[in-house]
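Structure, as structure tokens:
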Amino acid sequence: MGYQFKQQESLASGVRRIAGEQLSQAIQILQDPEQNRHYAIHEVRKRFKKLRGLVRLVRSGLGDEYTAINIWYRDAGRRLSRIRDAESLLESLQALQQRHTDPAYAELFADFENRFRARKQKVVEEWIDLDQELEQLSGELQEAKQLVESWKIKGAAFKVLKAGLRRTYQRGAVALSQLHKSSDDELFHECRKRSKYHLYHIRLLNQVWPTMLTARQSELDELNDYLGDDHDLAVMTQVITGEPDTFGASADVEQLLTLIRQQRHELQTAGLKLADRIFAEKPKAFAHRLKNYWKLWKADRIG
């Protein structure tokens, strides 16, 4: 069943199972000698984000253990960020090109693709101990997997889940409210992070009411595509303007930045419109509703 709770298991058992599965997948990817390193790094970082989403949902049940667990996986992901960030710039440029297919832009995109590829290669070459880093991380994850077996979730399951759902949802709603008052890159990034964690929580609880929550999950996937693409373009802008030795200050640079601004405006407009609908409900009411879905689902198990 993967990244979802099962009806027949306790909350604590489900948390340990899901965390163990995510770690096993990360270890397998890192230990595969045939695996492309860039793909492996991307996939392992995704597992870390899903693990952080999981522990955030049951934060109150983990108690004092939560902070150390969350920080460990956050820092582990950051260790791999340099190469992934360089790779994502290329992916973002390719996505931008797909939206601007006019042949007049072909030379512009080809030029910047070459520059981004050269920049990524430089990052790889500077990280001379990458293979050793990945091997070391694989060993650390095996130890982390053993620690998962000792995780305990204290308190009634529905109370733990309600607290986690409300906290994440509320932070998303607050970030969205702030965006409407003063939109800037940091606020869009904050909204993106909170909506991503909310998406993880909906995925984890999908089986509580699949028909309803699958629809919400689809909407959150769409929202995170908008906000994620916008964030990637924001990072691209920072890189281009912050590394003049690599990109210069030519007319081509300004032309690409203009295309980026146009695309970001479209993404932000669509993202805000969808986010307003997703976060329309009050946090307390939303968390209470999902708590009741959970209780009914669990009661049906023994009905």
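Computed from the coordinates by the stated procedures, all read-outs in this text should not be read as laboratory data. Values in this document were obtained by computation on a predicted structure and should not be read as measured data. Cβ atoms come from the backbone with ideal geometry, glycine included; neighbour counts cover every protein chain shown.
Viscosity 1.306 mPa s, temperature 10 °C: give me the Stokes-Einstein translational D for segment 208-303 in µm²/s, with Rh taken as the Kirkwood radius over C-alpha pairs. Estimated diffusion coefficient is 96 µm²/s. Note that segment 129-144 has calculated 3J(HN,Hα) couplings of 9, 4, 4, 5, 4, 5, 5, 5, 5, 4, x, 5, 5, 5, 5, 4 Hz, one per residue in order, obtained from phi through the Karplus relation 6.51 cos²θ - 1.76 cosθ + 1.60 (θ = phi - 60°); glycine and proline are x. Over all orientations, segment 162-263 has a Cα convex hull whose mean projected area works out to 7.9 square nanometres. Per residue, the convex hull around the alpha carbon atoms of segment 33-107 comes to 125 Å³. Under 13 Å from the Cβ of GLU140, count the other residues' Cβ atoms, weight Lys and Arg +1, Asp and Glu -1, and hand me the total. Within the 13 Å Cβ shell, the charges total -2. The value given for segment 128-215 is a Kirkwood hydrodynamic radius of 16.3 Å, derived from the mean inverse Cα-Cα separation. Hey, what angle do you get for helix 11-31 against the long axis of the chain, alpha-carbon based, 0 to 90 degrees rounded to 10? With rounding to tens, the tilt is 30 degrees. Helix-only arithmetic for the chain: the sum of -39500 (n - 2.57) across DSSP H runs with n ≥ 4, divided by the residue total, places the mean residue ellipticity at 222 nm at -28000 deg cm²/dmol.
Annotation for ASP221 and THR101: the two label points, set 7 Å from Cα along the Cα-Cβ direction, are 2.3 nm apart. Farthest towards the positive end of the charge dipole of the chain, among the residues LEU220, HIS42, PHE279, is the Cα of PHE279, using unit charges on the Cβ of Lys, Arg, Asp and Glu. Using the Cβ-Cβ distance between HIS38 and THR246 with R0 set to 22 Å, the FRET efficiency works out to roughly 0.65. Of the cross-linked pairs LYS49/LYS295; LYS50/LYS193; LYS50/LYS122; LYS162/LYS282, which ones have a Cα-Cα span greater than 24 Å in the structure shown? From the list (LYS49/LYS295; LYS50/LYS193; LYS50/LYS122; LYS162/LYS282), the Cα-Cα distance tops 24 Å for LYS49/LYS295; LYS50/LYS122. Computed from Cα atoms, the angle from the helix 251-278 axis to the main principal axis of the chain rounds to 20 degrees.
Going highest first, how would you order 281-287, 185-191 by mean Cβ packing within 10 Å?
Working: 281-287: 15.4, 185-191: 18.1.
Highest mean packing first, the order is 185-191, 281-287.
For segment 1-139, the calculated P(r) over all alpha carbon pairs, in 5 Å bins from 0 to the bin holding the longest distance, is 2, 9, 15, 16, 15, 13, 11, 9, 6, 3, 2, 0 percent.
Relative to the longest principal axis of the Cα atoms of the chain, the long axis of helix 283-301 makes an angle of roughly 50 degrees.
About its Cα centre, the dipole of the chain is roughly 2500 debye, where the only charges are +1 on Lys and Arg Cβ and -1 on Asp and Glu Cβ. Taking packing as the residue-averaged number of other Cβ atoms within 10 angstrom, the listed peptides 198-211, 74-87 run from highest to lowest as 198-211, 74-87. Calculated on the Cα set of segment 90-164, radius of gyration then Dmax: 22.8, 62 Å. Geometric descriptor of the chain, per residue, is 146 Å³ (volume of the convex hull of the Cα atoms).
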